[in-house]
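Asks: This is the structure I want to talk about, given as structure tokens.
The values are calculated or read from the model by the stated rules, or taken from the named source; none is laboratory data. Note that the structure is predicted; figures quoted are calculated from it, not measured. Backbone-built Cβ (ideal geometry, glycine too); neighbour counts: all protein chains shown. To get the accessible areas, we keep the full protein, side chains included, count just its heavy atoms, and leave off ligands, DNA and RNA. Shrake-Rupley method; radii C 1.70, N 1.55, O 1.52, S 1.80 Å.
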Amino acid sequence: MSAGSMLLKGGRVVDPSQSLDAVRDVLIVDGVVAALGTDLSAPEGARVVDVSGKVVTPGLIDVHVHLREPGQEHKETIATGARAAAAGGFTAVVAMPNTDPVIDSPALVAYVAAEGAKAGAARVYPTGAISLGLAGERLAPMGEMIEAGAVAITDDGHPVMDSGLMRLALEYARGFGVPIADHPEDLGLSAGGQMNEGVMSSRMGVRGKPNASEDVHIVRDLLVAEFTRGHIHLQHVSTRFGVEAIRQAKARGVHVTAEASPHHLLLTDEAVEGYRTEAKMNPPLRTEADRAAVMEGLRDGTLDVIATDHAPHHYDEKEQAFDDAPNGIVGLETAVGLILTHVVGKGVLDLPTMVERMSTQPARAFGLPGGTLADGAPGDVTVLDLDASWTVDPDAFESRSRNTPFGGWELTGRAVMTVVGGRVVYEG
Amino acid sequence: MRASPRMPLMDDAAVRRALARMAREIVERNGGIDGLVLMGIRRRGDVLAALLRDEIQRAEGRPPPTGALDITLYRDDLAEVGPRPVIGETQLPPDGIDGHTVVIVDDVLYTGRTVRAALNELMDWGRPARVLLCVLAERDGRELPIQADIVGRRVDVPGDERVEVLVPAEDDRLGVDLVDPGEAR
Amino acid sequence: MSRAVSSPLGKDLVGLEGLSADQIRTILDTAEPFKEISQRRVKKVPVLRGKTIVNLFFEPSTRTRVSFEFAEKRLSADTVNISSSGSSVVKGETLVDTARNLEAMQIDMVVMRHGSSGAARFLAERIPSNVINAGDGRHEHPTQGLLDLLTIRDHRGPIEGLKVCIVGDVLHSRVARSNIFGLLALGAEVAVCGPRTLLPVGIEEMGVGVFARVEEAMEWADVLNVLRLQLERMQGGFVPSLREYNRIYGVSRARLDATGRDLLVLHPGPMNRGVEIDSDVADGPHSVILNQVTNGVAVRMAVLYLLAGGAPDKAEAAKQGGEA
């Protein structure tokens, strides 16, 4: 992607990495942040945008998305996913490796990175699989994949059930400084489950996944990370006990980072009542006590990052009986509006903390450039309009898929401009 | 403008006089009461059938076997009026209807559709030797080629009024009224 | 074109959950006269003449399908059976495509059994035809629930205040769920009894009591509804052995006699004699299992009849993809 230069004038700049929340001009020259200041002037040829009344943040980063390419391009491609990310205010996304074929070799990592660069929208960072073919048996070539651009190693969607393999992965990854990201789920306890196990699943006659299936695995991962001193990144935490276990592990000094997803922050298993497949996901939507605990974990920093787990599915696949429909919802184009309206808007997080959870911390947890507007940082910027009222219209998504339980929600606040490397990749 | 939406055509005494005459006609037509069966159509036709049975018993010394037909499941207008949750039971006399002269008793003969349903149901129950139709009130408006054999009273209905037969079991009195549309029974 | 009329049940019968006590009583009361039709010489009335009904069975079933078929034929409907073997079901056609095909063929009613919970509702929301759930996954089997209610009412009078215990594999049972929702709606007290591995999580929060021992359940209950123990549950490890299941949870004559009480025993069939129920109970004086079978036809006739009034207004809404 060619580097650009631009000047964003008069916005409220919120950059938690520098504890900054003030009206500033942001100058980007040749793709990197050149200056923050007042009354800055633009170099010749640079685009000047008046963003007064708007909020300017370091580019938002989603560390958990499924772009489906290669193999399931009917759901999403790297290009459509990168455009959806840009439209949602994200300047970078981290693509999960559970594609077909699985991203478990340096060539495939390089392919994802190259396709991402070609898209010319949000930056796309590849990840590589922990195990060859996500089979949970033998380590994939982690070092080579990292050299090819993988920013994390994960078997997402396929929990690593073999604790010995998890030990090896965490130990081996230490030498490369990347996190091992795990989808915490004990497959024995969750076997056959299609939703949260509880009164709702009992009433609906649908097999459930108990909280314990996630809790057991979170605790296992924390203990293995503790003794290996590796970096474990726990994905989409959804249970009350899981949040508490992470909180305690952090207090003990375990190197753990963890995600909260917008849907686990805002919805409970009541959303699947009536066999609504658009609310079917894994981990499942749980009870109100769990939802509140995830929110509290996000508030107090136990959960470091907000990540969408953007999981596109073709409408035919969701248009099935509940048991037969796949898990997952798209999230890139709703996350900012949902979080601004229902997390910041309800006073759970202030705006700088939201930016920290969606930009600064994701960059830090995954060792990515960005997450800051310090001099010399990538010229990645998200411009938010906090007052824009809008209605979620899945038909208007840039994503190739529309599977969301949030269709029709009335939201306040959205990204109105997304800048990557000094170039505008989305404006709306 | 009529003074009352409900105009009496026959009072209790008039109905009883008519029933007594109809009972005689039934016996005459059958040449006695051997092989005679009365089948009243629910609801009201069955009440009238019981009154006719009593009249015949008074005159002949013994009652003819009497039953009741519920034609709900034989109606042809389910799609228009919707299902009727209360379905009555059809009751046949102990010896059935095969080879008998069956007198179908109803309150009002109007479109003829009720009688059509009753005939169909009757044929499912057996093979009567002969079927007669006996109604307390007959008016015009037939939609099927059906006519009564024994009639209590012919009523000329000028507009879109309805002829209503009232029986003690359902309506607390015996009579026939002409009713303005919109007036509920 | 007929004008819009609405059935007392709405367009479909997907489950007993959400039906009012009045609606359930209407079905049971309507079933009464239908019992008599099956005794007639000509066991047929013309009320559904000209209606087309498809029996769409994605799972094998003999008794439910036969019972529906008798009910349909006794009401003079034209019926077509589609079962999973030999139909496009096995060729990978999706449920939504099946639904569209039925719609294109102008079917009046669909009776469906499907392995996935929620499948009946899924179909009902997508086609204008009346949909009757003949069992969806582990969710509901409403006509079985209704015939159980009718049988209990026949033998014990009003359901209100009766104590009914469902014994066995409640977890996997759509019969259990329909019984629970129907019985609670009519004001019965409901409990379940069985190994904890076969009871759903949070069952108490549905207003249902739990007995650990079948002897205690028998002391408490007026009616036992004994569920079939699918043999694959043992392979699934939910119970260690059939012998142990019978010894601990089996409904035996000795246990019934020990209570000194006159319990009514139901079983939705097919029975595993010597597992969940002993033969001397199944064939004994407590059992009303064959009455259930007879009532099954009457209840299904009542449901078909009540839904058949049609509700074109709602059907239209379903066609548009809205709530029906």
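Asks: Say whether the condition of being open to solvent by less than 10 Å² (accessible area, probe 1.4 Å), closer than 17 Å to C:Gly296 by Cβ and touching a strand residue (DSSP E or B) at 6+ places or on another chain (Cβ under 7 Å) is met by at least one residue in segment C:29-51.
Replies: Of all residues in segment C:29-51, those open to solvent by less than 10 Å² (accessible area, probe 1.4 Å) come to C:30-31, C:34, C:37, C:45, C:48.
Filter once more, keeping what is closer than 17 Å to C:Gly296 by Cβ: C:30-31, C:34, C:37.
Those left that are additionally touching a strand residue (DSSP E or B) at 6+ places or on another chain (Cβ under 7 Å): none.
Within segment C:29-51 (the criterion being open to solvent by less than 10 Å² (accessible area, probe 1.4 Å), closer than 17 Å to C:Gly296 by Cβ and touching a strand residue (DSSP E or B) at 6+ places or on another chain (Cβ under 7 Å)), the answer is no, since none of the residues qualifies.
Asks: Suppose the filter is open to solvent by 60 Å² or more (accessible area, probe 1.4 Å) and in contact with a strand residue (DSSP E or B) (Cβ under 7 Å, 6 or more places away or on another chain); does A:Leu223 pass it?
Replies: No: the conditions fail for A:Leu223.
Asks: Sticking with this one: Sort through A:Arg220, A:Arg203 and tell me the only one that's over 21 Å from A:Ala169 (Cβ atoms) and either in the same structural domain as A:Ser163 (by TED's automatic domain parsing) or in a loop (DSSP other than H, G, I, E, B) (or both).
Replies: After ruling out the rest, the residue left standing is A:Arg203.
Asks: Within 14 Å of chain C (Cβ to nearest Cβ) and crowded, with 23+ Cβ neighbours inside 10 Å: does that describe B:Ile87?
Replies: Yes: the conditions hold for B:Ile87.
Asks: Return a yes/no flag: does segment B:148-159 have any residue that is in contact (Cβ under 8 Å) with a residue 40 or more places away in the chain, within 24 Å of B:Gly88 (Cβ to Cβ), open to solvent by less than 20 Å² (accessible area, probe 1.4 Å) and away from chain C (no Cβ under 14 Å).
Replies: yes
Asks: So which of A:Ser41, A:Ser52 ends up being in contact (Cβ under 8 Å) with a residue 12 or more places away in the chain, part of a loop (DSSP other than H, G, I, E, B), under 29 Å from A:Leu340 (Cβ atoms) and open to solvent by 40 Å² or more (accessible area, probe 1.4 Å)?
Replies: On the way: A:Ser41 fails: under 29 Å from A:Leu340 (Cβ atoms).
Going through A:Ser41, A:Ser52 in turn, the sole match is A:Ser52.
Asks: Name every residue in segment A:67-112 that is farther than 20 Å from A:Phe366 by Cα and of a type in the set (D, E, K, R), in order of residue number.
Replies: Matches in segment A:67-112: A:Arg68, A:Glu69, A:Glu73, A:Lys75, A:Glu76, A:Arg83, A:Asp100.
Asks: On to the next question. Limited to segment C:52-70, what total is found for residues that are part of a helix (DSSP H, G or I) and surrounded by fewer than 21 Cβ atoms within 10 Å (Cβ to Cβ)?
Replies: Of the residues in segment C:52-70, 5 are part of a helix (DSSP H, G or I) and surrounded by fewer than 21 Cβ atoms within 10 Å (Cβ to Cβ).
Asks: Any idea which residue in segment A:153-182 is farthest from A:Val102 (Cα to Cα), counting only those that are in a loop (DSSP other than H, G, I, E, B) and touching a residue at least 60 places away in the same chain (Cβ under 8 Å)?
Replies: A:Gly177
Asks: Now, a different point. What do you reckon, is A:Glu171 away from chain C (no Cβ under 14 Å) and open to solvent by less than 10 Å² (accessible area, probe 1.4 Å)?
Replies: no
Asks: Of everything in segment A:248-283, what is more than 28 Å from C:Gly118 (Cα to Cα), open to solvent by 10 Å² or more (accessible area, probe 1.4 Å) and over 20 Å from the mean Cα position of the chain (by Cα)? Give them in sequence order.
Replies: A:Gln248, A:Lys250, A:Ala251, A:Arg252, A:Gly253, A:Val254
Asks: Still on this model: Could you grab me the full set of residues in segment B:160-185 that are acidic (Asp, Glu) and either in a loop (DSSP other than H, G, I, E, B) or surrounded by fewer than 10 Cβ atoms within 10 Å (Cβ to Cβ) (or both)?
Replies: The answer is B:Asp160, B:Glu161, B:Asp172, B:Asp180, B:Glu183.
Asks: State whether the residues of segment A:25-38 include one that is free of Cβ contacts under 8 Å to residues at least 12 places away in the same chain and either over 17 Å from A:Gly421 (Cβ atoms) or open to solvent by 20 Å² or more (accessible area, probe 1.4 Å) (or both).
Replies: No, segment A:25-38 contains no residue that is free of Cβ contacts under 8 Å to residues at least 12 places away in the same chain and either over 17 Å from A:Gly421 (Cβ atoms) or open to solvent by 20 Å² or more (accessible area, probe 1.4 Å) (or both).
Asks: Just name the residue that is surrounded by the fewest Cβ atoms within 10 Å (Cβ to Cβ) out of those in segment B:67-84 that are under 19 Å from the mean Cα position of the chain (by Cα) and among the charged types (D, E, K, R).
Replies: Residue satisfying both the conditions and the ranking: B:Asp76.
Asks: Within segment A:397-428, can you find the residues that are closer than 17 Å to A:Leu265 by Cβ and buried (at least 20 other Cβ atoms within 10 Å of the Cβ)?
Replies: So the first thing to find is which residues in segment A:397-428 are closer than 17 Å to A:Leu265 by Cβ, and the list is A:404-406, A:409, A:411-413.
A:Thr404, A:Pro405, A:Phe406, A:Leu411, A:Gly413 - these are the residues of segment A:397-428 that are closer than 17 Å to A:Leu265 by Cβ and buried (at least 20 other Cβ atoms within 10 Å of the Cβ).
Asks: Identify all residues within segment A:121-147 that are open to solvent by 30 Å² or more (accessible area, probe 1.4 Å) and not basic (Lys, Arg); write none if there are none.
Replies: Across segment A:121-147, the qualifying residues are A:Tyr125, A:Leu132, A:Gly133, A:Ala135, A:Glu137, A:Leu139, A:Pro141, A:Glu144, A:Ile146, A:Glu147.
Asks: Output yes when any residue across segment C:118-132 is more than 14 Å from every other protein chain (Cβ to nearest Cβ) and either open to solvent by 40 Å² or more (accessible area, probe 1.4 Å) or within 22 Å of C:Met271 (Cβ to Cβ) (or both), and no when none is.
Replies: Checked segment C:118-132: no residue is more than 14 Å from every other protein chain (Cβ to nearest Cβ) and either open to solvent by 40 Å² or more (accessible area, probe 1.4 Å) or within 22 Å of C:Met271 (Cβ to Cβ) (or both).
Asks: Within segment C:200-305, considering only helices (runs of 4 or more DSSP H) that don't extend past its boundaries, which have at least 1 residues that are of a type outside the set (A, V, I, L, M, F, W, C) and within 14 Å of another protein chain (Cβ to nearest Cβ)? Before the answer, list the steps.
Replies: Details: elements: C:214-220, C:232-235, C:242-249, C:253-259, C:279-282.
It comes to C:232-235.
Asks: Can you tell me which residue within segment C:71-94, out of those that are surrounded by 15 or more Cβ atoms within 10 Å (Cβ to Cβ) and assigned to a helix (DSSP H, G or I), is modelled with the lowest pLDDT?
Replies: C:Val89
Asks: Being more than 18 Å from the chain's Cα centre (by Cα) and surrounded by 16 or more Cβ atoms within 10 Å (Cβ to Cβ) is the filter here, so list the residues in segment B:90-103 that pass it.
Replies: Residues of segment B:90-103 more than 18 Å from the chain's Cα centre (by Cα): B:94-96, B:98-100.
The answer is B:Gly96, B:His100.
Asks: So in segment B:104-123, with the set limited to residues that are within 13 Å of another protein chain (Cβ to nearest Cβ) and within 15 Å of B:Gly67 (Cα to Cα), which one is surrounded by the most Cβ atoms within 10 Å (Cβ to Cβ)?
Replies: If we take residues in segment B:104-123 being within 13 Å of another protein chain (Cβ to nearest Cβ) and within 15 Å of B:Gly67 (Cα to Cα), then B:Ala118 is surrounded by the most Cβ atoms within 10 Å (Cβ to Cβ).
Asks: Looking at segment A:229-254, I want the residues that are under 13 Å from A:Asp182 (Cβ atoms) and not assigned by TED's automatic domain parsing to the domain that holds A:Thr308 and have a partner that is open to solvent by less than 20 Å² (accessible area, probe 1.4 Å) and polar (S, T, N, Q) with Cβ atoms under 9 Å, at least 6 apart or on another chain. Which pairs are those?
Replies: none
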